[in-house]
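K.L.:
Below is a structure I'd like to ask you about.
The values are calculated or read from the model by the stated rules, or taken from the named source; none is laboratory data. Fair warning: this is a prediction, and the values are worked out from it, not measured in the lab. As a convention, Cβ positions derive from the backbone with ideal geometry for all residues, glycine included, and neighbour counts pool all protein chains shown. The accessibility values were calculated without ligands, DNA or RNA, using every heavy atom of the protein model including side chains. Shrake-Rupley method; radii C 1.70, N 1.55, O 1.52, S 1.80 Å.
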Amino acid sequence: MRYPESKELQEIWNRVEASFKDHLPFVIYRKPRENDIFGVFQTDAEHYQPLDFTEKGFVFAPFKEGEQTVLVTPDTFWKSSYTREEAENTSDISLDDSGKEGHIKLVKNGIREIQKGRLQKVVLSRKIEVPLTKSPINIFKTLLNRYQNAFGYLFYHPKVGTWCGATPETLVKIKDKKLQTMSLAATLPYVENKKPDWGDKEIEEQQMVSEYIGDKLAHTMERLEIDEAESVRAGNLWHLRSEVRGTMLPNLKVKEVIRALHPTPAVCGIPTKEAQQFIQANENYQRTFYTGFLGELNLRAQGELSLFVNLRCMQLETDVASIFVGGGITEASDPESEWIETQNKSKTMLGVL
């Protein structure tokens with residue numbers, strides 16, 4: 001069912017169209033389980049970067065350290081409520097097996113690296129390119145309608161391009177020195193009226209991520225709590241998630257917390273540095289902003305931020321959309337099963353397109 005759009009919402013869409021036309025940076029987004037859309041619009045085309053994350057704006061950061069992070073400055077800031085519409089039914093999504101041989105070879109290489117003792121876990125991904133037939137705004141609306149529990153966004157910068165997504169994973173939220181993050185890992189397809197049946201591989205993978213986050217944050221917190229893992233649904237998939245909460249040490253800088261958490265083991269591996277090196281050397285494409293992070297910096301109050309891992313995302317070009325899918329590889333991984341997992345994950349974004 002379609003609802004009439006408010007004047008404020010129509011103004012946001014108009015502002016988005018004007019920014020695309022004038023090649024000016026912007027981002028529009030909706031937080032998980034909320035109804036308000038926010039728009040951050042920059043009035044020049046400069047590429048600003050956060051130096052220590054005390055700046056004000058919206059940050060869009062890459063997977064690889066050393067590549068340039070983008071800060072969209074809030075020259076104007078817009079807000080409007082958005083009434084979720086019934087998501088249109090998706091016809092059967094046709095999946096093809098192109099890339100299967102290469103991905104299975106990649107997974108086998110990862111397992112060999114783990115067996116040598118150099119890694120405990122590595123997250124390996126691939127890129128899928130498909131024809132683009134919908135406008136960015138319509139894709140963004142579809143994401144909002146389908147994924148109420150995710151962080152939905154549409155981002156544009158003339159020096160970076162257009163990205164959008166609906167990510168289920170929080171990198172970190174900080175307010176009044178109180179920190180929240182999560183340990184998210186493992187994947188099973190959603191089957192109606194059926195609870196997920198987690199195997200040893202998935203349980204071990206999620207526990208590994210929780211322990212790693214605990215170790216990384218331990219020296220930065222006065223207090224740290226990690227909950228037991230629970231099953232959470234994200235679209236047509238199940239994941240295992242543990243909530244993590246802490247109180248930051250008084251003199252701790254936000255930049256140090258972000259450095260400790262990014263990239264997370266859920267998108268990179270354990271140990272992080274070695275896993276990232278393996279990914280750079282073996283994945284046959286550059287992730288750029290996929291598995292980076294994005295979100296609000298000090299927009300509501302100084303020292304308050306809300307950052308998300310850039311998963312379930314796509315890069316939009318003139319007539320091509322690139323989507324990205326991957327999975328966590330451990331010694332117990334089966335290459336064929338890992339391929340099937342990426343196929344299942346690809347349905348989320350392919351269905352939107």
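K.L.:
Between a residue in the stretch 341-353 that is touching a residue at least 12 places away in the same chain (Cβ under 8 Å) and any residue that is in a helix (DSSP H, G or I), which pairs come within a Cβ distance under 8 Å, given they are 6 or more apart or on different chains?
P.N.:
Thr342/His103; Gly351/Arg146; Val352/Ile139; Val352/Thr142; Val352/Leu143; Val352/Arg146; Leu353/Ile139
K.L.:
Counting only residues that are in a loop (DSSP other than H, G, I, E, B) and closer than 15 Å to Phe155 by Cα, how many does the stretch 47-58 have? Give the derivation first.
P.N.:
Within the stretch 47-58, the first condition is being in a loop (DSSP other than H, G, I, E, B), and the residues that meet it are 47, 49-56.
Retained after the next criterion (residues that are closer than 15 Å to Phe155 by Cα): 47.
Of the residues in that region, 1 qualify.
K.L.:
Which helices (runs of 4 or more DSSP H) does the stretch 240-353 wholly contain that include 3 or more residues that are touching a helix residue (DSSP H, G or I) at 6+ places or on another chain (Cβ under 9 Å) and farther than 30 Å from Lys195 by Cβ?
P.N.:
Details: elements: 254-261, 272-282, 335-352.
It comes to 254-261, 272-282.
K.L.:
Follow-up. If we scan the stretch 187-206, do we find a residue that is among the acidic types (Asp, Glu), surrounded by 16 or more Cβ atoms within 10 Å (Cβ to Cβ), in contact with a strand residue (DSSP E or B) (Cβ under 9 Å, 6 or more places away or on another chain) and closer than 30 Å to Thr142 by Cβ?
P.N.:
Yes, there is a match, as at least one residue in the stretch 187-206 is among the acidic types (Asp, Glu), surrounded by 16 or more Cβ atoms within 10 Å (Cβ to Cβ), in contact with a strand residue (DSSP E or B) (Cβ under 9 Å, 6 or more places away or on another chain) and closer than 30 Å to Thr142 by Cβ.
K.L.:
Continuing with this model, one more query. Among the residues of the stretch 218-239, what is the count of those that are assigned to a strand (DSSP E or B) and more than 22 Å from Asp176 (Cα to Cα)?
P.N.:
First pass over the stretch 218-239, keeping only residues assigned to a strand (DSSP E or B): 221-226, 230-234, 237-239.
So of that shortlist, the ones also more than 22 Å from Asp176 (Cα to Cα) come out as 230-234, 237-239.
Here the count works out to 8.
K.L.:
Also: Among (1) touching a residue at least 24 places away in the same chain (Cβ under 8 Å); (2) open to solvent by 30 Å² or more (accessible area, probe 1.4 Å); (3) polar (S, T, N, Q), which single condition is Thr162 missing?
P.N.:
(2)
K.L.:
Can you pull out every residue in the stretch 312-340 that is in contact with a Leu (Cβ under 9 Å, 6 or more places away or on another chain) and open to solvent by 30 Å² or more (accessible area, probe 1.4 Å)?
P.N.:
Selection gives Arg312, Glu317, Thr318, Asp319, Val320.
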